[in-house]
1. How about segment 68-93: which of its residues are buried (at least 22 other Cβ atoms within 10 Å of the Cβ) and in contact with a helix residue (DSSP H, G or I) (Cβ under 7 Å, 6 or more places away or on another chain)?
2. For segment 91-117, enumerate the residues that are within 25 Å of residue 208 (Cα to Cα) and assigned to a loop (DSSP other than H, G, I, E, B).
3. For residue 88, indicate whether it is in a loop (DSSP other than H, G, I, E, B) and either closer than 26 Å to residue 235 by Cβ or in contact (Cβ under 8 Å) with a residue 24 or more places away in the chain (or both).
4. Being in a strand (DSSP E or B) and surrounded by fewer than 14 Cβ atoms within 10 Å (Cβ to Cβ) narrows it down to one of 219, 242, so name that one.
5. Does residue 156 satisfy the criteria of being out of contact with any strand residue (DSSP E or B) (no Cβ under 9 Å at 6 or more places or on another chain) and either buried (at least 19 other Cβ atoms within 10 Å of the Cβ) or more than 29 Å from residue 266 (Cβ to Cβ) (or both)?
6. Can you go through 179, 257, 201, 272 and tell me which one is in a helix (DSSP H, G or I) and out of contact with any strand residue (DSSP E or B) (no Cβ under 8 Å at 6 or more places or on another chain)?
7. Among (1) farther than 30 Å from residue 383 by Cβ; (2) assigned to a loop (DSSP other than H, G, I, E, B); (3) free of Cβ contacts under 8 Å to residues at least 60 places away in the same chain, which single condition is residue 298 missing?
8. With segment 327-388 as the region, which strands (runs of 3 or more DSSP E) entirely inside it contain at least 1 residues that are free of Cβ contacts under 8 Å to residues at least 60 places away in the same chain and in contact with a helix residue (DSSP H, G or I) (Cβ under 9 Å, 6 or more places away or on another chain)?
């Protein structure tokens, strides 16, 4: 019998089939490579990040680096909750898609149908335009700045702007940046409004709807849409930025209270469940999910581009862009993917899902001098080249 196994081992070796010990050694080497890439980014007693790599539905790497805050020096771990910032948008889009499936909303429904007192420029803006950033809505931060020029400071980290106030600012404007569908411009305003659309169509707050229809069914028990005074974020990381060469807590800004564009806090443990749900079509079947993964075209059929003028929300000025509902869809080195970054006061986040390769990389950082997108693509380079 021993001789049979020995002969079989020789045959497998000749065919290039790795033994179990070789496979384990390869996995260990891969983990070490990823850890080597990450471990030099931050020191153990500084703010840092949590990283998760999953392949074929299994976690192949999960590690945390640094501390949640500089006051308690509590270590970051898989349960540490980070503000997701614009990573939130995929959840807001999912809420809208569930309401469309429920028959409570239509993608071609106009803004003026949902909010009848919205100015005339809302008559041509559809829910679909809001989802894929072709609405042309003015940027609410620009409107805040204009309002404060006339009257002095109105908002601050202590007195933050809320969704209803964003809607009022947009109602005071008489026109959008461009005709809906004529161009493309990344719009936080659009996703704040989508959070309000979720509330209007469902009769619940955006947070309640997401909790009932997404977080609870998926057992994402520590993920919340944070509303000061209504709920608390447990095990939370606090945001930090570098000022004069030193890291300083910079956790909240005047725009940190809006919901649909960036208000969710979550952690690696819960986001692994989100990744599973997307892969297994747990919430929406493949056909229902398809609109989210269909790149938008302009009304004239042309490929959209980032605006030419650089600003904080303009990642690649003038370059082509591929966006669906709450997801960027640009391929990476020929690999299909759905991805999104998040950037806000004190936090940087990314999710990269390589569809044909069944590979997901998530990085959540509580310091703004870390570049999760760059790090995630370096990991992708390691693993995608290993697969070919």
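1. Once the filter is applied, which keeps residues that are buried (at least 22 other Cβ atoms within 10 Å of the Cβ) and in contact with a helix residue (DSSP H, G or I) (Cβ under 7 Å, 6 or more places away or on another chain), segment 68-93 yields 89, 91, 92, 93.
2. Of segment 91-117, the ones within 25 Å of residue 208 (Cα to Cα) are 91-116.
The answer is 102, 103, 104, 105, 106, 107, 108, 109, 115, 116.
3. Numbers: in a loop (DSSP other than H, G, I, E, B): no; either closer than 26 Å to residue 235 by Cβ or in contact (Cβ under 8 Å) with a residue 24 or more places away in the chain (or both): yes.
In short, no.
4. 242
5. So residue 156 does not fit the description; no.
6. Details: 179 fails: in a helix (DSSP H, G or I); 257 fails: in a helix (DSSP H, G or I); 272 fails: out of contact with any strand residue (DSSP E or B) (no Cβ under 8 Å at 6 or more places or on another chain).
After ruling out the rest, the residue left standing is 201.
7. (3)
8. Of the strands (runs of 3 or more DSSP E) lying wholly inside segment 327-388, those with at least 1 residues that are free of Cβ contacts under 8 Å to residues at least 60 places away in the same chain and in contact with a helix residue (DSSP H, G or I) (Cβ under 9 Å, 6 or more places away or on another chain) span 337-344, 347-354.
The values are calculated or read from the model by the stated rules, or taken from the named source; none is laboratory data. Quantities reported herein were computed from a predicted structural model and do not represent experimental measurements. As a convention, Cβ positions derive from the backbone with ideal geometry for all residues, glycine included, and neighbour counts pool all protein chains shown.
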